[in-house]
Amino acid sequence: MKLRSPRTRYLGRCCGLRVYAVSGLRVREGSDIDFTQGGNEAVYPSYVPRGEIWVEAGLGPRDASATILHEIVERDLMLRRGLDYEHAHDIASSRELAFRRTLRGLARASLPRVASAFRLFRADLGRAERAGATPDDLRRISRSLARGLRPDS
């Protein structure tokens, strides 16, 4: 029996990736009972196709935008930087929290704002790596940024 695709709507491209709204119910019933809010190929290689970001349909615009950023950051850290899920997820969660503070009053999901936030993340990451930061340092820096503090405070 062929499973029905969980994709419900194509949201567009962001950071070179295809972004889809998906039926969380279909994912949970057909692939992964633990799926919530979003996913990417690095975390869910058995069912999220390469080059796609999935966000659960029905999320509000702030939740959808923040989840898309989280998934892109997490994917980047795991696939391009070789971080394990725990480290990548912690850093992505911290960036997501900081990004959420910029989304007040957002009427619909904004892929351009997500892309801009991801470019800022990549720039911050590049500076940290050039300074010799380890994955634990990156977690600390991201947590500081999420709390609205300077990384050295």
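The values are calculated or read from the model by the stated rules, or taken from the named source; none is laboratory data. Because the structure is predicted, anything quoted here is derived from the model rather than measured. So basically every Cβ, Gly included, is an ideal-geometry build from the backbone, and we count neighbours across all protein chains shown.
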* **Restricting the range 24-70 to residues that are surrounded by fewer than 18 Cβ atoms within 10 Å (Cβ to Cβ) and of a type in the set (S, T, N, Q), the residue that is nearest to PRO6 (Cα to Cα)** => SER31
* To do: Please specify each residue of the range 91-115 satisfying the condition of being in a helix (DSSP H, G or I) and in contact with a strand residue (DSSP E or B) (Cβ under 7 Å, 6 or more places away or on another chain).
  => LEU111, VAL114, ALA115
* Among what's in the range 1-19 and is modelled with pLDDT of 95 or more and not in a strand (DSSP E or B), pick the residue that is nearest to GLU29 (Cα to Cα). => PRO6
* Asked: Residues of the range 81-93 being on the phi < 0 side of the Ramachandran plot and either out of contact with any Ser or Thr (no Cβ under 9 Å at 6 or more places or on another chain) or buried (at least 22 other Cβ atoms within 10 Å of the Cβ) (or both), which ones?
  -> ARG81, LEU83, ASP84, TYR85, GLU86, HIS87, ALA88, HIS89, ILE91, ALA92
* Selection count, the range 71-80, where residues are surrounded by fewer than 22 Cβ atoms within 10 Å (Cβ to Cβ), in contact (Cβ under 8 Å) with a residue 24 or more places away in the chain and more than 29 Å from ARG4 (Cβ to Cβ) -> 0
* Structure fact -> Checked the range 53-74 for anything out of contact with any Asp or Glu (no Cβ under 7 Å at 6 or more places or on another chain) and assigned to a helix (DSSP H, G or I); matches are PRO61, ARG62, ASP63, ALA64, SER65, THR67, ILE68, GLU71, ILE72, VAL73, GLU74
* For the range 119-137, indicate whether the set of residues that are buried (at least 18 other Cβ atoms within 10 Å of the Cβ) and touching a strand residue (DSSP E or B) at 6+ places or on another chain (Cβ under 9 Å) is non-empty. => no
* Asked: Which condition does LEU77 not pass, out of (1) closer than 19 Å to LEU11 by Cβ; (2) in a helix (DSSP H, G or I), if it passes all the others?
  -> (1)
* Can you spot a residue in the range 94-111 that is touching a residue at least 60 places away in the same chain (Cβ under 8 Å), surrounded by fewer than 22 Cβ atoms within 10 Å (Cβ to Cβ) and farther than 20 Å from ASP136 by Cα? -> yes
